[in-house]
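To start, the structure under review is shown below, and the notes come after it.
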Amino acid sequence: MAEVLVLALGNSLRGDDGLAWHAARRLETSAAGKSLEVVACRQLTPELAELVAEAQRVIFVDAAVNVPPGEVRWEAVHAGTGGRGGFSHQLKPAALLGYTKSLFGAHPEAFQVSVGGKSFDYWEGLSPEAQARLPELVRVIEELCLRSTPSFPPRTESTAAASRR
């Protein structure tokens with residue numbers, strides 16, 4: 001059982017949507033021998049609830065269309081029920097944590113790290129903006145893996161707007 005589970009979400013055949021997978025490869029090499037499990041998947045599904053239940057901390061990593069290209073943001077995630085359709089097999093992090101809590105009685109600490117993508121076209125590669133921010137993305141994930149309270153503020157809509165002033 002890994003102390004920290006990193007779930008890297010996306011599609012490596014859709015440009016910047018594969019950014020989390022690139023970060024996952026870097027984390028796998030830098031985390032050798034640590035209590036860290038890295039899983040790359042296209043989307044969150046209910047089947048992941050058991051794996052999430054075994055971790056003390058879960059970090060969801062994904063590219064985002066609603067974040068400026070190249071900007072890295074993180075936020076805490078709590079168990080919930082929103083974000084899933086009645087017949088959908090795709091979940092949002094809060095819904096997966098809700099399944100984990102109801103099925104296994106587990107409630108690991110969780111964070112979501114998002115990076116703004118610029119190009120989600122069909123191609124294997126990253127935009128220059130995403131490629132340039134990959135080291136920062138990996139650093140943020142590593143910080144969240146190591147600390148119970150991150151040493152940097154979350155990048156949410158309000159803090160991102162304040163930092164541009």
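Please treat every number below as a calculation from the coordinates, not as lab data. These numbers come from a predicted model, not from an experiment. Every residue, glycine among them, receives a Cβ derived from its backbone with ideal geometry; neighbour counts consider all protein chains shown.
Among rounded, prolate and oblate, which fits region 1-49 when a ≥ b ≥ c are the square roots of the eigenvalues of its C-alpha gyration tensor, a/c under 1.5 means rounded, and a/b larger than b/c means prolate? Judged from the Cα gyration tensor, region 1-49 comes out oblate (a/c at least 1.5, b/c at or above a/b).
Distance from the Cα centroid of region 1-57 to that of region 90-115 is 13 Å (rounded to whole angstrom).
Fewest-first ordering of Cys41, Cys145 by other beta carbons within 10 Å of each residue's beta carbon gives Cys41, Cys145.
Note that region 1-83 shows a convex hull volume over its alpha carbon atoms of 112 Å³ per residue. In plain terms, the residue of Phe120, Phe104, Phe60 with the fewest other Cβ atoms within 10 Å comes first and the most crowded comes last, giving Phe104, Phe120, Phe60.
Tell me whether region 93-145 comes out rounded, prolate or oblate; compute the Cα gyration tensor, take square roots of the eigenvalues as a ≥ b ≥ c, and use a/c under 1.5 as the rounded threshold. Please list the in-between numbers first.
On the way: a/c = 4.25, a/b = 1.96, b/c = 2.17.
It comes out oblate by the Cα gyration axes.
Order these by the 10 Å Cβ neighbour count, fewest first: Asp121, Asp16, Asp62. Show your work: numbers first, answer last.
Numbers: Asp121 12, Asp16 29, Asp62 19.
The order, fewest Cβ neighbours first, is Asp121, Asp62, Asp16.
With a Förster radius of 25 Å applied to the beta-carbon distance between Glu109 and Thr29, the computed FRET efficiency rounds to 0.50.
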